[in-house]
Amino acid sequence: MQRVGGRSFAEYVRQEVLLPLWLEDCWVGMPGERYRAYSPRLSGFCDISGGKVQRQEFWEGKPTATRCLPAGGGQGPMRELCLLCELLLASGGELLAAETVRLFTSR
C-alpha cells in the first residue's frame, strides 16, 4: 500500500481531502465497524451501459467496502456526494484549484 507522510492512502484521503470538504461519512476503504453500522443502508452498483440494468455484485459486500480501492472504492451517503458536486460546480471554492476541478469533471 502506498504511504504518504507515514499514512496509508485511505488515511491520507480521509484526513486531507474528505474531512476538509466536510464529507465525514465518506471513505476510501470504510472501517469494518462503520460497515457494520452502515450496511443496512448501503446500495449496490449497477451497470446501465448495455441498455438494461445489471447489478455489479463485485462492488457489493464487506470485502469491497472495507478495502482501499483508490480508482473506484469511494463510499458515502448521497447527501455528501451532493455537497461534493456543489463544490465542483462552484469551481472548487477555496479548497480545490480550478485546474483540479476541470480534471475531475472532464472525460
Simple Cβ-charge dipole of the chain, Lys/Arg +1 and Asp/Glu -1, about Cα centre, in debye nearest 20: 340
Reciprocal of mean inverse Cα separation for segment 3-76 (Kirkwood radius, Å): 13.3
Among V13, V53, V28: highest mean-square fluctuation, GNM of the chain, C-alpha pairs under 10 Å: V53
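Counting helices only, and only those DSSP H runs with n ≥ 4, report the 222 nm mean residue ellipticity of the chain as the sum of -39,500 (n - 2.57) divided by its residues, in deg cm²/dmol to the nearest 500. Intermediate values should be presented prior to the final figure.
Values: 5 runs with 36 residues, N = 107.
Using -39500 (n - 2.57) per qualifying helix, the result is -8500 deg cm²/dmol.
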Selected from Q54, Q15, Q75 as most flexible by GNM, with the chain as the system and alpha-carbon contacts under 10 Å: Q54
Point-to-point label distance, E99-Y38, nm (Cα→Cβ direction, 7 Å offset): 3.2
Cβ-based charge dipole, the chain, positive-most Cα from L81, V28, G44: G44
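Under a Cβ-Cβ cut-off of 14 Å, what is the net charge of the residues other than R79 that fall near it, where Lys and Arg count +1 and Asp and Glu count -1?
On the way: positive: R41; negative: E24, D25, E80, E86.
Residues close to R79 contribute a combined charge of -3.
Values in this text are rule-based calculations from the coordinates and carry no lab data. It should be emphasised that the depicted structure is a prediction, and the values quoted were computed from it without experimental measurement. All Cβ positions, even for glycine, are placed from backbone atoms using ideal geometry, and neighbour counts span all protein chains on display.
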